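Structure first, then comments.
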Amino acid sequence: MVDLDGVGPIRVTESLAAAAEGLLAAGYSIEEPEGCDSTATVFTSEHSPAIMLYSDDGSDRISVIVVGGGAVTAQQQDGSPRTIDGIGIGSTLAQLQSAFPDGEVEVDFGDRFVAAGATASGDVHYLSFLLVDGKVERYTVQLRPTRYWDFC
């Protein structure tokens, strides 16, 4: 389940090491970035889109969780973590707007749809969806409204 706090059991602000341990135990493998000195860690699975964890303050605390990006198989799209309203990889802008009526469309590199809200702790977090050819290609759960897509 995807919400403003995270993706499944992975929560923003939790330890990168603990989240990595959980993903590896669930059958994901670590994909080393090619030609890149990024501090982001990418986890891949044949059953779900890639999941990237990133700390933008250099600590062990997750500040960004990215799901998807690039080509995904039908099986990976079906295995995409989704919101309670069914929003995930492959969702359309109309579906996003229906699920998040207060969200905003921003045009930068493709279209970006951003929904923000308060979490149970009272902090504001952001769900940001990148649409390519009218469908969600990747999305992030993050602590700040900054655009995160490229980590190299």
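Would you confirm whether any residue within the range 15-25 is assigned to a loop (DSSP other than H, G, I, E, B), touching a residue at least 12 places away in the same chain (Cβ under 8 Å) and not β-branched (Val, Ile, Thr)?
Step one: filter the range 15-25 for residues assigned to a loop (DSSP other than H, G, I, E, B), giving none.
No, the range 15-25 has no match at all.
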When the residues of the range 101-152 are narrowed to those that are at pLDDT 90 or above and of a type in the set (Gly, Ala, Ser), which ends up surrounded by the fewest Cβ atoms within 10 Å (Cβ to Cβ)?
117
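Can you tell me how many residues in the range 94-117 are aliphatic (A, V, I, L, M) and out of contact with any strand residue (DSSP E or B) (no Cβ under 6 Å at 6 or more places or on another chain)?
Within the range 94-117, the first condition is being aliphatic (A, V, I, L, M), and the residues that meet it are 94, 96, 99, 105, 107, 114-116.
Checking the rest, the ones that are also out of contact with any strand residue (DSSP E or B) (no Cβ under 6 Å at 6 or more places or on another chain) come to 94, 99, 107.
The qualifying residues number 3.
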Matching residues in the range 40-54 - criterion: being touching a residue at least 40 places away in the same chain (Cβ under 8 Å) and not in a strand (DSSP E or B):
40, 49
How many residues does the range 43-85 contain that are at pLDDT 90 or above, of a type in the set (A, V, I, L, M) and surrounded by 16 or more Cβ atoms within 10 Å (Cβ to Cβ)?
9
If residue 99 meets every condition in (1) touching a residue at least 60 places away in the same chain (Cβ under 8 Å); (2) over 26 Å from residue 41 (Cβ atoms); (3) among the hydrophobic types (A, V, I, L, M, F, W, C) apart from one, which number is that one?
(1)
Could you pull out every one of the strands (runs of 3 or more DSSP E) wholly within the range 55-152 that has 1 or more residues that are within 27 Å of residue 27 (Cβ to Cβ)?
64-68, 124-132, 135-142
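The values are calculated or read from the model by the stated rules, or taken from the named source; none is laboratory data. Just so you know, these numbers come straight off a predicted model, no measurement behind them. Heads up, the Cβs are rebuilt from the backbone with ideal geometry, glycines too, and the neighbour counts pull from every protein chain shown.
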